[in-house]
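Below is one structure, written out as structure tokens, with a few remarks after it.
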Amino acid sequence: MYNTRNITKDIYWVGASDRRLELFENIMPITKGVSYNSYLIMDDKTVLLDTADASVSRQFIENVQHVLGGRSLDYLIVNHMEPDHCAVIEDIVLRHPNLKLIGNAKTLQMIKQFFDFDVESRFVTVKEGETFSTGHHTLTFVMAPMVHWPEAMFTYDVEEKILFSADAFGTFGALNGNIFNDEVDFEKDWLSEARRYYTNIVGKYGAPVQAALKKAATIDIQMICPLHGPIWRNNLGYILDKYNKWSTYTPEDDAVMVVYGSMYGNTEATANVLMTKLAEEGVKNIVAYSVSNTHVSHLIAEAFRCSHIVLAAPTYNNGIFTPMENFLLDLKAHGLQNRTYAIIENGTWAPVSGCQMMNIVQEMKDSKIIGSTFTLKSSLKECQVEQLNCLAKEIAKQVNN
Ligand code: FEO
């Protein structure tokens, strides 16, 4: 059964949500599901903006056909070629043989890589700033390379002042009937997933996101229509501010995140003592994660949020406890910058994890380290508590300032 909503008089949301997929990109758990948004302009010309993932193709096609109401589809604008949005292109072409595809030169190349149908004869190549009239709407195209792939672009509706923003401003989470930000409690129910989506999908590309935001700042935007999650139709400054912080690697919160690996509880016990000292020094909202049972996508999102990160891990195979090493390498791959770290190592006979964690941390731009590595030989001893107190005091002094 079709399931659509108007976003303006003649523009429709025709997307669909998936609550069955376990891992987005076969990497990131999405316990709250995910939506694949698509938009259909019913003007003199009928214009679809992006398609959907293959998993929701049945619902998506029902939605498109329902809104078309027997009309044929004239144009499909392809803002992004990742298969979570482009998978249904060929099905749409088969249903609408006269359909023209609109994209940039890189889009064309990628469509030909993913599909075998005749793309060239129906493809309209657009460049930055070019316009396209659907009748009563003028659309213009804003290139947004590396947000999230090189061909990514935004489409802007000049009359309605709507930015169709591809992956930008998207979030994990299925849409539960409420498709607008003012119909949900975004901060309570969506922000952490929006952060996890941004940091894990686009986090590495802070500079291109900044370039796109600067372009967007020159446009009068009343509504942002992303390809995932709620549509923004008020309070746009809220999500723009988040994107500005995330893409400049500015911590959202002066906060301490403790990430520990612990084989038998001794490193965890030390992390617990440190956190109690931090609390006694006035640090609030401390968060702690076991690196062994927290999916790395959550750790990356929290590392983007917090200003201070405590890493505590045993030595393993003369290196770093494997899940901690994986986390740090993933964090480095996501390009996190400008964080302050404290390091706790453990080793029963030859502790080396601290030095090796330090090496990875120092490869991340503008990293700062508090104090020297705190070394455990198997377990925390009474004679070390004062040293741990000093570390807590130094972290608290910075965070509380
Ligand atoms: Fe939602 Fe980059 O695809």
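The values are calculated or read from the model by the stated rules, or taken from the named source; none is laboratory data. Nothing here was measured: the structure is a model prediction, and the numbers come from that model. No Cβ is skipped: glycine too gets one built from the backbone with ideal geometry, and neighbour counts run over all protein chains shown. Keep in mind that these areas ignore ligands, DNA and RNA; they rest on the heavy atoms of the full protein, side chains included. Shrake-Rupley method; radii C 1.70, N 1.55, O 1.52, S 1.80 Å.
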Net charge, LEU163 excluded, C-beta distance under 15 Å - Lys, Arg +1, Asp, Glu -1
-3
Averaged per residue, what accessible surface does the chain expose to a 1.4 Å probe, in Å²?
41 Å²
Nearest-10 value in Å² for the accessible area of CYS390, using the 1.4 Å probe:
80 Å²
Order by accessible surface, 1.4 Å probe, largest leading, for residues HIS295, HIS228 comes to HIS295, HIS228
Connecting every pair of Cα atoms under 10 Å apart in the chain and solving the GNM, the largest mean-square fluctuation among HIS298, HIS85, HIS66 falls on HIS66
Picking from ALA217, HIS298, GLY261, whose Cα lies most toward the positive end of the charge dipole for the range 180-332 (charges on Cβ: Lys, Arg +1; Asp, Glu -1)?
ALA217
In sequence order, what are the phi-derived ³J(HN,Hα) couplings for the range 175-190 according to the Karplus relation 6.51 cos²θ - 1.76 cosθ + 1.60 with θ = phi - 60°, rounded to whole Hz, with x for glycine and proline?
8, 9, x, 7, 10, 10, 4, 7, 9, 10, 8, 4, 4, 6, 9, 10
For THR134, distant residues with modelled amide H under 5 Å away:
LEU139
Accessible surface, 1.4 Å probe, highest first, among residues TRP149, TRP246:
TRP149, TRP246
Charge sum, other residues only, whose C-beta stays under 10 Å from ASN98's C-beta, Lys/Arg counted +1 and Asp/Glu -1
+1
Over all distinct alpha-carbon pairs, what is the Kirkwood Rh of the chain in angstrom?
22.8 Å
Dipole size in debye (nearest 20) for the chain around its Cα centre, Lys and Arg Cβ +1, Asp and Glu Cβ -1?
540 debye
Can you grab the distance from the C-alpha centre of the range 1-26 to the C-alpha centre of the range 123-139, Å, no decimals?
24 Å
Express the carbon and sulfur contribution to the solvent-accessible surface of the chain as a percent, rounded to the nearest whole number, probe 1.4 angstrom.
48 percent
The range 253-400: D in µm²/s via Stokes-Einstein (Kirkwood Rh, Cα pairs, 37 °C, 0.692 mPa s)?
221 µm²/s
Nearest 10 degrees, 0 to 90: what angle lies between the long axis of helix 57-68 and the longest principal axis of the chain (Cα atoms)?
40 degrees
For the range 326-401, list log₁₀ I(q)/I(0) at each q in 0.18, 0.22, 0.24 Å⁻¹, using the Debye formula over Cα point scatterers of equal strength and ignoring solvent, two decimals each.
-0.81, -1.06, -1.15
Run the 1.4 Å probe and let me know the accessible area of ASP366, rounded to the nearest 10 Å².
90 Å²
Could you work out how far helix 191-201 tilts from the main Cα principal axis of the chain, as a 0 to 90 degree angle to the nearest 10?
90 degrees
Largest-first ranking of SER297, SER378, SER121 by accessible area, probe 1.4 Å, whole protein assembly kept, is SER121, SER378, SER297
Please report, in debye to the nearest 20, how large the charge dipole of the range 102-175 is about its Cα centre when each Lys and Arg carries +1 at its beta carbon and each Asp and Glu carries -1 there.
100 debye
When the charge dipole of the range 7-129 is computed with +1 on Lys and Arg Cβ and -1 on Asp and Glu Cβ about the Cα centre, the Cα farthest towards its positive end, among PHE117, HIS80, VAL47, belongs to VAL47
If you average the sequence gap of Cα pairs under 8 Å that are 6 or more apart and divide by the length of the chain, what percent do you get for the contact order?
11 percent
What angle, in degrees between 0 and 90 and rounded to the nearest 10, separates the Cα long axis of helix 322-333 from the longest principal axis of the Cα atoms of the chain?
50 degrees
Could you give each residue of the range 230-240 its phi-based ³J(HN,Hα) in whole Hz, using Karplus coefficients 6.51, -1.76, 1.60 with θ = phi - 60°, and x for Gly or Pro?
x, 7, 9, 10, 8, 6, 4, x, 4, 6, 5
Along the charge dipole of the chain, pointing to its positive end and built from +1/-1 on Cβ of Lys, Arg, Asp and Glu, which listed residue (THR373, TRP13, GLY177) has its Cα farthest out?
THR373
Might you work out the accessible area of PHE114 for me, using a 1.4 Å probe with all protein chains in place, and round it to the nearest 10 Å²?
100 Å²
Find out how many positive minus negative residues lie around ILE61, taking Lys and Arg as positive, Asp and Glu as negative, among other residues whose Cβ is under 14 Å from that of ILE61.
-3
